[in-house]
1. Say a paramagnetic label sat at a point 7 Å from the Cα of Ser252, along Cα to Cβ; which residues of region 203-240 have their backbone N under 11 Å from it?
2. Given a Förster distance of 30 angstrom, what is the FRET efficiency for Ile76 paired with Leu53, based on the Cβ-Cβ distance and rounded to 0.05?
3. Using DSSP to call loops (not H, G, I, E or B), can you name the trypsin sites (Lys or Arg not before Pro) in region 58-159 whose Cβ has at most 15 other Cβ atoms within 10 angstrom?
4. Report, in listed order, any pair from Lys38/Lys240; Lys136/Lys240; Lys38/Lys274 with a Cα-Cα distance greater than 26 Å.
5. Can you sort Phe201, Phe86, Phe243 so the residue with the fewest Cβ neighbours within 10 Å comes first?
6. Could you put Val154, Val26, Val34, Val213 in order, starting from the residue whose Cβ has the fewest other Cβ atoms within 10 Å?
7. Neighbour counts of other C-beta atoms within 10 Å: give me Leu198, Leu271 arranged from fewest to most.
8. Testing the spin-label approximation: label points 7 Å from Cα along Cα→Cβ at Arg28 and Ile41. State their distance in nm.
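All of the numbers you see were taken from the coordinates with simple rules; none came from a lab. These numbers come from a predicted model, not from an experiment. Neighbour counts run over all protein chains shown; Cβ positions are idealised from the backbone, glycine included.
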Amino acid sequence: MQATEEKWDTIITSKAPLFDFRLGEVWRYRDLLVLFVKRDIAQVYKQTILGPLWFFIQPFITTIVFTVIFGNLAEISTDGIPPVLFYLAGITFWNFFAEALSKSSTVFRDNANIFGKVYFSRLVLPLSIVMNSFVKFCIQLLMFIIVYVYFMSVNDAVRPNAMALLFPVLVIITAGLAFGFGLLITSMTAKYRDLYFLIQFGIQLWFFATPVVYPLSEVDPENRIYAILNPMAAVVETFKYGFTGVGTFEWSYLAYSAGFMVFIVLLGILLFNKIEKTFVDII
């Protein structure tokens, strides 16, 4: 009698090729990915009075505060763009990046109980966080569009140009940067918990290094290279330039951001996959 060879759907091992990204495994758990996204959206504003309206209230209040403080009191230039539109354009993309980065950078810490009990592709969780942030981004983008259409009707200087077609590219770069940096940070905080306390502080510093409340044109040309080293700078500035026709746009700046995004995503996945094999033992 010949022994039948057993075939396994999933083989869990601590040893795997360094450049095995296991993206096919993520695809097999796509239903779980969608489930996590729906769960997170439902839980965020559960038992709140205003519910999804907070998606609009938060960027609206932030825009008003920036207009008063940076526009009226500090009198920082907005390159001739109406201050409300200028700040809202920067906030829309920055909120997407900051929220996705902040939440994905604590994946190991926040889901230690799940990782220790059941197996599934660990990349599903940070991906679900980025997708959840993207849903919120789309809702807040609707607010930007409403404000944008209004200023187009009353201000002839506000007009889009061909660079507005780069919008999908900007979204991909932003999502990739948040995803990649999130994987790197959560991998490091799995062993060095002290780094967790620096995350929010670091994101705040990163905000001021990004041209959200000031235009890139206000940065001294000799020091502009340092501002461009921030990959989010070109994203925010290109978005403003594409939809208002005012700002700083260079293909080299955007190419750098895109290349940096690819590098950080690959590096983040490699480190994440390496750490998640022994994560349960570390905690």
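1. Those under the cut-off are 225.
2. 0.50
3. Details: sites: Lys103, Arg109, Lys117, Arg122, Lys136; in loops: Lys117, Arg122.
Taking region 58-159 and a limit of 15 other Cβ atoms within 10 Å, the loop trypsin sites (Lys or Arg not before Pro) found are Lys117.
4. Numbers: Lys38/Lys240 31 Å; Lys136/Lys240 20 Å; Lys38/Lys274 28 Å.
With Cα atoms farther than 26 Å apart: Lys38/Lys240; Lys38/Lys274.
5. Values: Phe201 9, Phe86 28, Phe243 23.
Sorted ascending by nearby Cβ count, the order is Phe201, Phe243, Phe86.
6. Working: Val154 8, Val26 18, Val34 13, Val213 21.
Lowest to highest Cβ neighbour count: Val154, Val34, Val26, Val213.
7. Values: Leu198 12, Leu271 17.
Ordered from fewest to most neighbouring Cβ atoms within 10 Å, Leu198, Leu271 come out as Leu198, Leu271.
8. 2.7
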